[in-house]
Amino acid sequence: MSRRIVLSGVAAVVVLGGAGAFALAYAGDQPPALAHSTARYTAPDGNRDGSFTFTTDVTASSDVKSVKVLAWPASSSFAKKGLTAKEMTTAESAVCKPSGGDTQRCTYKVTVTRADAAESPRGLWHVAVLATDKDGDTTLDTKAADFTV
């Protein structure tokens with residue numbers, strides 16, 4: 001076998017190995033990813049309380065640290081000024097459970113009383129989500145899901 005062929009083969013292995021290492025390092029630095037977000041609102045009826053449930057899948061290579069959830073009316077001041085990650089840190093937390101690989105299924109559920117429903121603006125609402133991984137990387141989606149009151 002010629003020396004030139006051997007050197008070309010070695011060079012190819014070094015280049016491919018370096019590219020693979022770069023790809024793995026880059027993949028490890030990705031912020032959390034949200035997928036399959038859904039919101040369901042059920043109004044109180046008679047003597048029965050209603051509920052609001054939000055569910056999302058969060059994928060994070062360094063594991064999920066927290067997921068904060070905030071439902072907000074589309075007619076509120078947030079529609080004009082927007083929500084920030086800093087504001088979202090005080091929102092309520094979802095409960096997350098492993099669902100395979102680096103992904104966790106996170107659910108936020110709250111009871112809606114007749115008084116809550118009476119005080120809530122009617123119309124379109126959005127759900128904002130702040131996902132934080134254990135490395136401190138964050139993803140903010142201010143309109144992860146919608147529902148109507």
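Computed from backbone phi with θ = phi - 60° and the Karplus coefficients 6.51, -1.76 and 1.60, the 3J(HN,Hα) list for the stretch 50-55 is x, 7, 10, 10, 10, 10 Hz; x is used for glycine and proline. Carbon-plus-sulfur accessible fraction, the stretch 93-149 (probe radius 1.4 Å, protein heavy atoms only): 47%.
Shown in residue order for the stretch 134-149 are the 3J(HN,Hα) couplings computed by the Karplus curve 6.51 cos²θ - 1.76 cosθ + 1.60 at θ = phi - 60°: 5, 8, x, 6, 10, 9, 10, 10, 7, 9, 5, 7, 10, 7, 10, 9 Hz (x for Gly and Pro).
With θ taken as phi - 60° and the Karplus curve 6.51 cos²θ - 1.76 cosθ + 1.60 applied, the whole-hertz 3J(HN,Hα) list for the stretch 114-128 is 4, 5, 4, 5, 5, 8, 7, x, 7, x, 6, 10, 10, 10, 9 Hz, x standing for glycine and proline. The modelled label-to-label distance between Ser75 and Thr90, using points 7 Å beyond Cα along the C-beta direction, is 2.5 nm. Summarising the amide proton neighbourhood of Ser66: residues at separation of 5 or more, or on other chains, whose placed amide H is nearer than 5 Å comprise Thr132.
Please give the length that would be gained between Thr148 and Thr38 if that part of the chain were fully extended, namely 0.36 nm times their separation in residues minus their C-alpha to C-alpha distance (nm, one decimal).
Using 0.36 nm per residue and subtracting the Cα-Cα distance, I get 38.4 nm.
Each other residue within a Cβ distance under 11 Å of Thr56 adds +1 if Lys or Arg and -1 if Asp or Glu, for a net charge of -1.
Contact order for the stretch 44-142, expressed relative to its length and based on alpha carbon pairs under 8 Å spaced 6+ residues apart, stands at 42 percent. Kindly state, to the nearest 0.05, the FRET efficiency for Thr53 paired with Asp29, given R0 = 30 Å and r defined as their beta-carbon distance. With R0 = 30 Å, the Cβ-Cβ based efficiency is 0.40.
The values are calculated or read from the model by the stated rules, or taken from the named source; none is laboratory data. Bear in mind that the values here come from a model prediction, so they are computed numbers and not experimental data. All Cβ positions, glycine included, derive from the backbone under ideal geometry; neighbour counts span all protein chains shown. SASA here: full protein model, heavy atoms, side chains in, ligands and nucleic acids out. Shrake-Rupley method; radii C 1.70, N 1.55, O 1.52, S 1.80 Å.
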